[in-house]
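K.L.:
Have a look at this one before I ask anything.
None of the figures in this text is laboratory data; all of them are computed from the coordinates on show. What you are looking at is a predicted structure, and each value in this text was computed from that prediction instead of being measured. Please note: Cβ atoms are built from the backbone with ideal geometry, for glycine as well, and neighbour counts cover all protein chains shown.
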């Protein structure tokens with residue numbers, strides 16, 4: 001089955017720790033994205049990558065880092081510099097297109113800082 | 001500034017009671033408008049893409065329409081399983097890959 005997987009589903013972090021969220025897709029999509037979702041707010045873009053070894057900051061990149069070494073994988077690291085990391089994190093990907101980028105989402109990772 | 005506003009924030013319907021959700025947008029040229037369904041604790045599920053004013057798309061009890069300033073998601077004779085949060089997003093003409101999301105409408109359909 002083709003799809004997007006995220007792991008873990010739930011993640012608990014102590015203050016001061018870095019954590020890495022996994023995102024893998026087997027849809028052969030070129031572009032991948034990371035969003036953060038907080039209650040009562042729309043999804044906010046953290047980082048996105050259009051091709052391997054290239055990525056761009058989104059609206060709220062401070063305190064986060066990413067890598068794109070393989071087409072299938074786009075891990076997100078939440079660093080200790082992120083002041084309020086507790087949130088629901090969503091990974092998405094989109095296929096090659098003529099400019100309309102329909103995005104398809106994974107199941108999400110809920111991060112809680114203790 | 002590009003912006004998406006969804007209303008109402010929450011909507012309660014009786015099973016079979018049809019209604020509409022609104023998505024108003026302000027963008028410097030629209031490339032596409034997207035509707036998603038999100039169940040609690042899960043990722044959004046893609047529903048529709050609309051490209052130009054006057055366009056309509058249907059899927060089961062859902063029909064999405066688009067004008068130059070807003071989109072409506074019409075729900076006909078809803079069932080309890082239609083309960084979810086419905087998200088709207090737009091992509092502007094001058095945007096590369098970026099979607100702007102509204103905060104969603106939480107729909108509850110009572111049996």
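K.L.:
On alpha-carbon atoms, Rg over Rh for region A:1-97 using Kirkwood Rh?
P.N.:
Values: Rg = 13.0 Å, Rh = 13.7 Å.
Checking Rg against Rh, the ratio lands at 0.95.
K.L.:
Convex hull volume of the Cα atoms in the protein assembly as shown, per residue, in Å³? Walk me through the numbers before you get to the answer.
P.N.:
Values: hull volume 28.1 nm³, N = 225.
It comes to 125 Å³ per residue, whole-number rounded.
K.L.:
In the Gaussian network model of chain A, springs joining C-alpha atoms below 10 Å, which of A:50, A:37, A:17 carries the largest mean-square fluctuation?
P.N.:
Between A:50, A:37, A:17, it is A:17 that shows the largest mean-square fluctuation.
K.L.:
May I ask for the equivalent-ellipsoid semi-axes of chain B, computed as the square root of five times each C-alpha gyration tensor eigenvalue and listed largest first in whole Å?
P.N.:
Over the Cα atoms of chain B, the semi-axes work out to 24, 14, 12 Å.
K.L.:
Which order do A:36, A:44, B:37, B:110 fall in if you start with the one that has the fewest other Cβ atoms within 10 Å?
P.N.:
Least to most surrounded, the residues fall as B:110, A:44, B:37, A:36.
K.L.:
Looking at chain B only, what percent of DSSP beta bridges run antiparallel? Nearest 5 please. All intermediate terms of the calculation are to be shown ahead of the outcome.
P.N.:
Values: 38 of 43 bridges.
Approximately 90 percent, going by the DSSP bridge assignments.
K.L.:
Would any residue of region B:1-40 have its amide N under 14 Å from a label point 7 Å out along Cα→Cβ of residue B:59? List them or say none.
P.N.:
Only B:33-39 fall inside the zone, counting backbone N under 14 Å.
K.L.:
Which residue, A:57, A:83, A:71, has the most motion in a Gaussian network model of chain A that connects Cα atoms within less than 10 Å?
P.N.:
Sorting by GNM fluctuation, first place goes to A:83.
K.L.:
Averaged over its residues, how many other protein chain Cβ atoms are within 10 Å of peptide A:102-109's Cβ atoms?
P.N.:
Rounded to a whole number, the mean comes out at 5.
K.L.:
So what are the radius of gyration and Dmax for the Cα set of region A:34-75, in Å?
P.N.:
When restricted to the Cα atoms of region A:34-75, Rg and Dmax are 11.1, 34 Å.
K.L.:
Before anything else, pin down the relative contact order of chain A: Cα pairs under 8 Å, at least 6 apart, normalised by residue count, whole percent.
P.N.:
35
K.L.:
For residue B:24 and residue A:77, what does the FRET efficiency come to when R0 = 30 Å and r is the distance between their Cβ atoms, rounded to the nearest 0.05?
P.N.:
So the FRET efficiency works out to roughly 0.25.
K.L.:
Region B:1-57 to region A:59-87: how many Å between their Cα centroids?
P.N.:
For region B:1-57 versus region A:59-87, the Cα centre distance is 28 Å.
K.L.:
While we're on this one: Can you check how the C-alpha radius of gyration of region B:33-74 compares to 2.2 N^0.38 Å, as a plain ratio?
P.N.:
Normalised Rg, Cα atoms only: 1.20.
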